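J.: Can you keep this structure in mind? I'll have questions shortly.
The values are calculated or read from the model by the stated rules, or taken from the named source; none is laboratory data. Small disclaimer: the values here were computed from a predicted structure and weren't measured. Note: ideal-geometry Cβ built from the backbone for every residue, glycine included; neighbour counts use all protein chains shown.
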Amino acid sequence: MSAKIITIANHKGGVGKTTSTATLGVALALKGQRVLLIDLDAQQNLSFTLTQNEDPESSIYDALVNDAPLPIVHIRENLDLVPASLELARAEIDMATKIAREGILRTLLDDCADQYDYVLIDCPPALGIITTNALVASSELYIPLTAEALPLKGLTMLDDVVREVRRRVNPNLSLGGVFFTRYNNRRLNKEVVSQIEQRYGDKVFKTKIRENISLAEMPLSGQSIFEYDPRSNGAADYMALAEEVLARK
């Protein structure tokens, strides 16, 4: 059976996309799932978190622009990565003249997706051709949110993009889930969660990723949260989220 391909995206920065992609990926791998993570952000935060290397020999840019195969790097048991590079910052321009440019990543994944149970794609905080490639390649979109202010305008824009991708090129794309990061029990958080639950219903995961300093420290450690601070709220919450993801498969 081919992998479930999930884009993790929100055009707003600072909502925990990269931390969620990395930590959910590790959690699923620890649960025995074969996982491929793809870094589509020129900031390379996902790649650095997992490898501590900001200068990969080959990156997703080479595959998207230069027709190279996906450069898959083994990270740990059950977990692989396609790293990003700074060159991705100009990929939108370099891909502008390519034929069927929205479907390049989907074609690349056709050659390897059956080797995995899950493919998680970390996107840049933008809704351009790079994020569109992720959505075209995916069956589901996960949206991480912070519950500090109601981001309805941004969510409406993301909903519109998903609807257009579904209508034009990928009718199989659906909203797989919404989850909250940096959560606490302040009244504003609860009010925002209530409004998002009214909007998305059972698409909202029950698990909330609580505010946790260990998650902020983790990327510089070269370890996942499960090694860096296994007793932290961050470790507990992302493992619970992984269990919810598996229950939905």
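J.: Check residue 91 against each of (1) in a loop (DSSP other than H, G, I, E, B); (2) touching a helix residue (DSSP H, G or I) at 6+ places or on another chain (Cβ under 7 Å) and name the one condition it does not meet.
T.: Failed condition: (1).
J.: Here's a check for you: in segment 12-46, which residue that is assigned to a helix (DSSP H, G or I) and among the polar types (S, T, N, Q) is nearest to residue 109 (Cα to Cα)? Please lay out each step first, then the result.
T.: Restricting attention to segment 12-46, the residues satisfying the condition of being assigned to a helix (DSSP H, G or I) are 17-30, 45-46.
Remaining after also requiring among the polar types (S, T, N, Q): 18-21, 23, 45.
Working: 18: 20, 19: 23, 20: 21, 21: 18, 23: 22, 45: 22 Å.
Result: 21.
J.: Among the listed residues 9, 63, 27, identify the single one that is under 23 Å from residue 93 (Cβ atoms), at pLDDT 95 or above and small (Gly, Ala, Ser). Outline the logic, then answer.
T.: Details: 9 fails: at pLDDT 95 or above; 27 fails: under 23 Å from residue 93 (Cβ atoms).
Testing whether each residue is under 23 Å from residue 93 (Cβ atoms), at pLDDT 95 or above and small (Gly, Ala, Ser) leaves just 63.
J.: Hey, another quick one. Considering only segment 115-146, state which residues are over 17 Å from residue 177 (Cβ atoms) and either hydrophobic (A, V, I, L, M, F, W, C) or surrounded by fewer than 20 Cβ atoms within 10 Å (Cβ to Cβ) (or both). I'd like the intermediate steps shown before the answer.
T.: We begin by selecting, within segment 115-146, every residue over 17 Å from residue 177 (Cβ atoms); these are 115-116, 124-133, 136-137.
Those that are over 17 Å from residue 177 (Cβ atoms) and either hydrophobic (A, V, I, L, M, F, W, C) or surrounded by fewer than 20 Cβ atoms within 10 Å (Cβ to Cβ) (or both): 115, 125, 126, 127, 128, 129, 130, 136, 137.
J.: Next question. From (1) in contact (Cβ under 8 Å) with a residue 12 or more places away in the chain; (2) closer than 19 Å to residue 118 by Cα, pick out the condition that doesn't hold for residue 214.
T.: (2)
J.: Sticking with this structure for a sec: Out of 114, 80, 122, 94, report the one residue that is more than 19 Å from residue 173 (Cβ to Cβ), acidic (Asp, Glu) and within 16 Å of the chain's Cα centre (by Cα).
T.: Details: 114 fails: within 16 Å of the chain's Cα centre (by Cα); 122 fails: more than 19 Å from residue 173 (Cβ to Cβ); 94 fails: within 16 Å of the chain's Cα centre (by Cα).
Only one candidate qualifies: 80.
J.: Being at pLDDT 95 or above and hydroxyl-bearing (Ser, Thr, Tyr) is the filter; apply it to segment 189-223 and report the residue that is farthest from the chain's Cα centre (by Cα).
T.: For segment 189-223, the residue satisfying everything is 214.
J.: Suppose we filter segment 47-72 for residues that are part of a loop (DSSP other than H, G, I, E, B) and in contact with an Asp or Glu (Cβ under 6 Å, 6 or more places away or on another chain); how many remain? Show your work before the answer.
T.: Taking segment 47-72 as the starting set, the residues that turn out to be part of a loop (DSSP other than H, G, I, E, B) are 52-59, 67-72.
Those still in the list that are in contact with an Asp or Glu (Cβ under 6 Å, 6 or more places away or on another chain) too: 68, 72.
Residues that pass the stated criteria total 2.
J.: If you go through segment 167-186 one residue at a time, do you hit one that is more than 19 Å from the chain's Cα centre (by Cα) and under 26 Å from residue 27 (Cα atoms)?
T.: Restricting attention to segment 167-186, the residues satisfying the condition of being more than 19 Å from the chain's Cα centre (by Cα) are 167-169, 171, 184-186.
If we keep only those that are under 26 Å from residue 27 (Cα atoms) as well, we get 184-185.
Yes, segment 167-186 has at least one match.
J.: For the list (1) in a loop (DSSP other than H, G, I, E, B); (2) over 22 Å from residue 205 (Cβ atoms); (3) out of contact with any helix residue (DSSP H, G or I) (no Cβ under 7 Å at 6 or more places or on another chain), I need the number of the one condition that residue 114 fails.
T.: Result: residue 114 fails condition (1) only.
J.: Please pick out the residue among 99, 104, 130, 143 that is in contact with a strand residue (DSSP E or B) (Cβ under 8 Å, 6 or more places away or on another chain), β-branched (Val, Ile, Thr) and closer than 27 Å to residue 2 by Cβ. Explain how you work it out, then say what you get.
T.: Values: 99 fails: in contact with a strand residue (DSSP E or B) (Cβ under 8 Å, 6 or more places away or on another chain); 104 fails: in contact with a strand residue (DSSP E or B) (Cβ under 8 Å, 6 or more places away or on another chain); 130 fails: in contact with a strand residue (DSSP E or B) (Cβ under 8 Å, 6 or more places away or on another chain).
Selected residue: 143, the only one of 99, 104, 130, 143 that is in contact with a strand residue (DSSP E or B) (Cβ under 8 Å, 6 or more places away or on another chain), β-branched (Val, Ile, Thr) and closer than 27 Å to residue 2 by Cβ.
J.: Quick check: anything in segment 151-162 at pLDDT 90 or above, β-branched (Val, Ile, Thr), under 19 Å from the mean Cα position of the chain (by Cα) and not in a loop (DSSP other than H, G, I, E, B)?
T.: Start the filter on segment 151-162 by keeping residues that are at pLDDT 90 or above, which leaves none.
The answer is no; no qualifying residue exists.
J.: Which is charged (D, E, K, R) and buried (at least 18 other Cβ atoms within 10 Å of the Cβ), of 62, 55, 67, 41?
T.: On the way: 62 fails: buried (at least 18 other Cβ atoms within 10 Å of the Cβ); 55 fails: buried (at least 18 other Cβ atoms within 10 Å of the Cβ); 67 fails: buried (at least 18 other Cβ atoms within 10 Å of the Cβ).
None of the other options fit; the residue is 41.
J.: Sticking with this one: Report whether or not residue 220 is over 19 Å from residue 242 (Cβ atoms) and in contact (Cβ under 8 Å) with a residue 12 or more places away in the chain.
T.: Values: over 19 Å from residue 242 (Cβ atoms): yes; in contact (Cβ under 8 Å) with a residue 12 or more places away in the chain: no.
For residue 220, the condition - over 19 Å from residue 242 (Cβ atoms) and in contact (Cβ under 8 Å) with a residue 12 or more places away in the chain - is not met.
J.: Another question, if that's okay. Looking only at segment 175-193, decide whether some residue is surrounded by fewer than 17 Cβ atoms within 10 Å (Cβ to Cβ) and in contact with an Asp or Glu (Cβ under 6 Å, 6 or more places away or on another chain).
T.: Scanning segment 175-193, I find at least one residue that is surrounded by fewer than 17 Cβ atoms within 10 Å (Cβ to Cβ) and in contact with an Asp or Glu (Cβ under 6 Å, 6 or more places away or on another chain), so the answer is yes.
J.: If you go through segment 47-69 one residue at a time, how many are closer than 28 Å to residue 97 by Cβ and either within 17 Å of the chain's Cα centre (by Cα) or not aliphatic (A, V, I, L, M) (or both)?
T.: Residues meeting the conditions: 12.
J.: Is it fair to say residue 120 is among the aliphatic types (A, V, I, L, M), over 16 Å from residue 18 (Cα atoms) and either in contact with a strand residue (DSSP E or B) (Cβ under 8 Å, 6 or more places away or on another chain) or assigned to a helix (DSSP H, G or I) (or both)?
T.: On the way: among the aliphatic types (A, V, I, L, M): yes; over 16 Å from residue 18 (Cα atoms): no; either in contact with a strand residue (DSSP E or B) (Cβ under 8 Å, 6 or more places away or on another chain) or assigned to a helix (DSSP H, G or I) (or both): yes.
No: the conditions fail for residue 120.
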